[in-house]
Amino acid sequence: MVSCPGTSFYSRPTDVVARDLVGKKLVRMLKLDDRALRLSGIIVETEAYGHSDDAASHAHIGRTARNTVMFGDIGRAYVYFAYGNHFCVNVSARANRAGAGAVLIRGIEPVEGIDVMKQFRPVGDAFSLTSGPGKLTEALNITSLLNGVDMTDARSELHVEHGAKPRKVIATPRIGITSATEKSWRFIDPASPFVTRKIKIKV
DNA sequence: CGCTCGATATTCT
DNA sequence: GAATATCGAGCGA
């Protein structure tokens, strides 16, 4: 019996959830050519996104067709298409008072099914296989078809499991946003090479 | 190495 | 019509 973080885990402020997700395992199960495959990796980089308190969040302007999952049940996958090229995957979470929120998964360390990941994402450099939000969704074959799946259920095609070891975590400013840049809501395992290296700081 | 810039679709104004 | 929670090619040093 595999254990997954449940609704009590995701029912906290998103920055707390984001910090605790580092070291957990992201698991993708799928069928390919009639074979059941299991791909997974340890989460090493996340970012928290809030609601009305966070101008950089998709939920800041209120509920829309795209961000509905951020306002619905917690522990669900929020998958969206960015820049016309890439998918990004989040887990919905929020404290009881907040109206919406999610945690973006920005980087993982591959554990299971690495050969299959390389089929989905052929790349020479091992580090660039899953070191970035658009990269890991390609390696794990995550698309908007998975939007809304229950990530607290070990039977889901996409879910989160407890990791083997706790990791050291540090907070930094978030990447790729132009507002609310003062919040240190990005959380990384500084020892892992699978984190975004370049940090842009916009003024 | 590091920086600039174009690709490309969905969303919102 | 503008902006975007990105990536990687191309260029110069």
(request) Using a Gaussian network model of chain A whose springs link C-alpha atoms within less than 10 Å, name the residue from A:Arg106, A:Arg35, A:Arg66 with the highest mean-square fluctuation. (result) A:Arg35
(request) Could you tell me which of rounded, prolate or oblate describes the stretch A:78-168, using a ≥ b ≥ c as the square roots of the eigenvalues of the alpha-carbon gyration tensor, with rounded for a/c under 1.5 and, failing that, prolate when a/b is larger than b/c and oblate otherwise? (result) prolate
(message) If the elastic network links every pair of Cα atoms under 10 Å, which of A:Asp73, A:Asp125, A:Asp189 fluctuates the most in the Gaussian network model of chain A?
(response) A:Asp125
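Given R₀ = 22 Å, what would the calculated FRET efficiency be for A:Val16 paired with A:Glu161, taking r from the Cβ atoms and rounding to 0.05?
Details: r = 19 Å, r/R0 = 0.87.
In this case the efficiency is close to 0.70.
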(message) Checking the cross-link filter: which aspartates and glutamates have an alpha carbon closer than 20 Å to that of A:Lys25, excluding same-chain neighbours under 8 positions apart?
(response) A:Asp15, A:Glu45, A:Glu47, A:Glu109, A:Glu112, A:Asp115, A:Glu138, A:Asp150, A:Asp153, A:Glu157, A:Glu161, A:Asp189
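Sort A:126-139, A:6-19, A:171-184 for me by packing, meaning the mean count of neighbouring Cβ atoms within 10 Å per residue, highest on top.
Numbers: A:126-139: 21.5, A:6-19: 19.8, A:171-184: 15.5.
Those peptides, ordered most packed to least, come out A:126-139, A:6-19, A:171-184.
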(request) Rounded to whole Å and sorted largest first, list the principal axis extents of the Cα atoms in chain A. (result) 44, 35, 34
(request) Could you list the residues of the stretch A:48-85 with an amide nitrogen less than 15 Å from a label point located 7 Å from the Cα of A:Ser179 in the Cα-to-C-beta direction? (result) A:49-64
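Where a number appears in this text, it was derived from the coordinates with a stated rule and is not lab data. Keep in mind it's a predicted model, so treat the numbers as computed, not measured. With ideal geometry, Cβ positions are generated from the backbone for all residues, glycine too; neighbour counts draw on all protein chains shown.
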